[in-house]
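First the structure, in the form of structure tokens, and then the observations on it.
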Amino acid sequence: MKEESKKTNFSTKNLIWIVALILIIVLIGVISVGYYKKATMKVENPIATMEVENFGTIKIELYPEIAPQTVSNFITLSNRGFYDGLTFHRIVKDFMIQGGDKEGTGNGSTKLSDLKDDGEDKEYSIKGEFISNGVDNKLKFEEGVIGMARNDYTQYSSSLKEESYNSGSSQFFIMTKANTSLNGYYTSFGKVIEGMDVVHKIEEVEVKTADNSEESGNTEASTPVNPVKITSIRVETNGVEYGLPNTLTPFDYMSWMYKQYGLDASSLTSK
């Protein structure tokens with residue numbers, strides 16, 4: 001009986017060890033497969049679908065690895081419906097079509113409340129992601145590339161480079177022809193993958209000089225005679241959460257200008 005008991009105990013211990021060994025092997029296999037999938041899985045880039053009234057659909061692949069702040073900003077604004085109903089307010093043949101301004105003039109700006117429900121009613125800008133601003137973005141401005149518009153305050157003072165570079169918020173443009181002068185000075189963050197024919201149709205619309213051209217000094221004929229309306233922009237992120245962009249306080253050009261003359265902008269505007 002003792003001999004049989006010893007054999008039973010020995011068999012039970014062996015069985016436990018075998019089961020434990022199998023479990024360890026299975027666990028190692030599961031972990032290895034997980035790491036392999038993670039290492040080999042290619043995350044698809046987000047795709048923006050833009051519907052333009054009376055023109056058609058434009059699909060744009062966005063590149064978060066190149067310009068993460070710009071892409072997250074564009075995704076958030078798009079999927080919150082910010083661009084719905086806005087227009088392409090500036091169209092220059094053989095150059096680009098520009099839109100995304102809530103005022104439709106090129107002078108509008110976004111607010112933190114456009115990014116999130118509990119955001120403040122304060123304007124914001126984002127960092128310019130291009131070589132001249134310290135970001136290794138080498139996507140060239142070729143036909144179909146989408147870029148972020150920004151202000152150029154250096155025309156008033158060469159010292160305002162940083163303020164100019166970091167002044168983008170919602171306005172974007174789509175290239176209709178390559179332009180090397182923009183490379184390294186503006187943020188490129190995606191490219192049209194479907195609907196380039198639609199972009200070129202928009203490029204052909206009749207344009208005029210802006211109504212305030214005499215006041216602004218801009219006599220360029222680039223304002224569409226008939227508004228080109230963006231019905232909607234929505235971005236498919238393929239399950240990836242890109243979050244909110246890091247926002248900056250935009251440069252207050254008017255206050256800066258008043259200061260050059262030793263004036264206080266707040267006291268002047270309050271009168």
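Take peptides 184-197, 248-261, 222-235 and line them up by average Cβ neighbours within 10 Å, highest first, as a rough protection proxy.
Result, highest mean Cβ count within 10 Å first: 184-197, 222-235, 248-261.
Per residue of the range 143-154, what does 6.51 cos²θ - 1.76 cosθ + 1.60 with θ = phi - 60° give for ³J(HN,Hα)? Whole Hz please, x for Gly and Pro, Karplus curve as stated.
For the range 143-154, the Karplus curve yields 3, x, 6, 9, x, 9, 6, 8, 8, 10, 7, 5 Hz.
Where a ≥ b ≥ c are the square roots of the eigenvalues of the C-alpha gyration tensor, would you call the range 64-199 rounded, which needs a/c under 1.5, or, failing that, prolate if a/b is larger than b/c, or oblate?
Rounded.
How much length is gained on full extension from TYR261 to VAL225, taking 0.36 nm per residue of separation minus their Cα-Cα distance?
9.1 nm
At a probe radius of 1.4 Å, what is the per-residue accessible area of LEU21, in Å² to the nearest 10?
Accessible surface of LEU21 is approximately 100 Å².
Residue-wise, which Karplus ³J(HN,Hα) couplings in Hz belong to the range 109-126, taking 6.51 cos²θ - 1.76 cosθ + 1.60, θ = phi - 60°, and x for glycine or proline?
Once rounded to whole Hz, the list reads 8, 8, 10, 4, 5, 6, 8, 8, 4, 9, x, 6, 8, 10, 5, 9, 9, 10.
Set the Förster distance to 22 Å, then compute FRET efficiency between ASP197 and SER132 from the Cβ-Cβ distance, nearest 0.05.
So the FRET efficiency works out to roughly 0.10.
Just add up the charged neighbours of ASP94: K/R +1, D/E -1, any other residue whose Cβ is under 13 Å from the Cβ of ASP94.
-1
Given axes a ≥ b ≥ c from the Cα gyration tensor, I'd like to know whether the range 116-175 is rounded (a/c under 1.5), prolate (a/b larger than b/c) or oblate.
Cα axes put the range 116-175 in the oblate bin.
For THR187, enumerate residues with amide H under 5 Å from its amide H, sequence gap 5+ or separate chain, H modeled in the peptide plane.
For THR187, whose amide H was placed from the backbone, the distant partners under 5 Å are GLU129, MET148.
Which cross-chain or sequence-distant (5 or more) residues have an amide H under 5 Å from the amide H of SER232, H modelled 1.01 Å from N in plane?
For SER232, whose amide H was placed from the backbone, the distant partners under 5 Å are GLU51, GLY85.
What is the range 45-99 by shape, rounded, prolate or oblate, if you read a ≥ b ≥ c off the alpha carbon gyration tensor as root eigenvalues and call it rounded for a/c under 1.5, prolate for a/b larger than b/c, and oblate otherwise?
Since a/c reaches 1.5 and a/b is larger than b/c, the shape of the range 45-99 is classed as prolate.
The values are calculated or read from the model by the stated rules, or taken from the named source; none is laboratory data. Please read these numbers as outputs of a predicted model, since none were measured by experiment. So basically every Cβ, Gly included, is an ideal-geometry build from the backbone, and we count neighbours across all protein chains shown. When the accessible area is computed, the model is the full protein with side chains, heavy atoms only, and any ligands, DNA or RNA have been set aside. Shrake-Rupley method; radii C 1.70, N 1.55, O 1.52, S 1.80 Å.
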